[in-house]
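Shown next, in structure tokens, is the structure this report addresses.
Readers should treat all values here as calculations from the given coordinates under stated rules, not as data from a laboratory. Computed from a predicted model, the values in this text were never measured in an experiment. Cβ placement follows ideal geometry from the backbone for every residue including glycine, while neighbour counts extend to all protein chains displayed.
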Amino acid sequence: MKDTQVIVIANQKGGVGKTKTADVVARDLAIKKNKVLLIDFDPQMTLTKQFGVDSTSIRNTPQDSSIIFTDNKTPEPKRVAINQSEDCFLDMLFASFSLMEYAQSGMSARELKLKAYLKKIKKQEIYDYIVIDTAGSLGVLFNNAILSADTIILPIATVSAATNATESFFNELIVIEEQFDHKIKDVILFGNMYNKIATHDKEQLNIIENDIPRYVQIKKDSGYFQQLNLHVVKAVPIRTVIKDATGSAIYLRDYIKSYSNSKSNQKILKTYNQIYKILTNKLF
Ligand SMILES: Nc1ncnc2c1ncn2[C@@H]1O[C@H](COP(=O)(O)OP(=O)(O)OP(=O)(O)O)[C@@H](O)[C@H]1O
Ligand SMILES: [Mg+2]
């Protein structure tokens, strides 16, 4: 039986690199011939727009991720070519304004809607990986995503506002574990937008790589997170090439090659290589 792994990119803090991470991770997996479903689960629709899709045209269609909240409709992911020779694909569910409406409406048991949909998909044994980009806020969408995740990827910007928000991220995971009798498994965290020559960034990275794992361990010692396995991977530097690749909606690895295939730019990919290895147990 095919074992579909659900990977959720989450941080309730906005602008930390969630969408970029979802994009690179999903494409990395697809380029390496895995069957991948990428879901935009953020009502801001950033990923959808980055794939050139007009969110108004997909609203309430089977390609709209919000239809997981309606019982009588089945989502139908759209196949999207992600390389120029068009022999490499991702299946996608996009986001529309409806996502916010469903999230705010008062349906009962709505926290488990995504998990229920993914359970059906898993039974079909189509996908190796399902990658989900989430909103930079807490609430029903966040809970749906966390409750569906086999692995959570947590990018944290090396600014104090982001590191300060990380304890509350883990506290929220505790609330979800308790409320839904759910066990969080793997969490991969890393510092993002790291400027190695700035003292402030160094301090923040120290918090991310040392204080946060210590905080999680304290929680474990108090009986929480009994199945949690925390992986700390290398920080992603702040680089124009990353921002430019996002702006032109190009796969970061291809963009780096066309931009400047220098050793220093290749180094940017170390974190994504580490993440790929953790997810697949293989080297990129
Ligand atoms: N390491 C980096 N260096 C430079 N720019 C980056 C880096 N990581 C992400 N960015 C850029 O920062 C911006 C915010 O990133 P992204 O959209 O991935 O964040 P997000 O967490 O998804 O935000 P939101 O909470 O709004 O959904 C984007 O323009 C992205 O290209
Ligand atoms: Mg985003």
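Quick rundown of the values:
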item	result
Gain in span if fully extended, ASN34 to GLN84, counting 0.36 nm per residue against the direct Cα distance	16.2 nm
GNM result for the chain, Cα springs below 10 Å: residue of ILE132, ILE68, ILE82 fluctuating most strongly	ILE82
Summed residue charge, Cβ within 13 Å of LEU99's Cβ, Lys/Arg positive, Asp/Glu negative	-2
Spatial separation of Cα centroids for segment 149-212 and segment 52-77, in angstrom	31 Å
Stretchable slack from ASP244 to TYR259, in nm (0.36 nm times residue separation minus alpha-carbon distance)	4.4 nm
Distance (nanometres) between label positions extended 7 Å along Cα→Cβ at SER168 and GLU203	2.1 nm
Helical contribution to [θ] at 222 nm, DSSP H n ≥ 4, -39,500 (n - 2.57), averaged over the chain, rounded to 500	-12500 deg cm²/dmol
Net charge, LYS196 excluded, C-beta distance under 15 Å - Lys, Arg +1, Asp, Glu -1	+2
Net charge over other residues, Cβ less than 10 angstrom from the Cβ of LYS234 (K, R count +1; D, E count -1)	+1
Gain on full stretching of the segment that runs from MET1 to THR70 - 0.36 nm per residue minus C-alpha separation	22.0 nm
Efficiency of FRET between ALA116 and SER222 - r from beta-carbon atoms, R0 30 angstrom, step 0.05	0.45
Bins of 5 Å, starting at 0 and running to the largest distance - Cα pair percent for segment 174-276	2, 11, 17, 17, 15, 13, 11, 8, 4, 1
Kirkwood hydrodynamic radius of the chain, Cα pairs, Å	19.2 Å
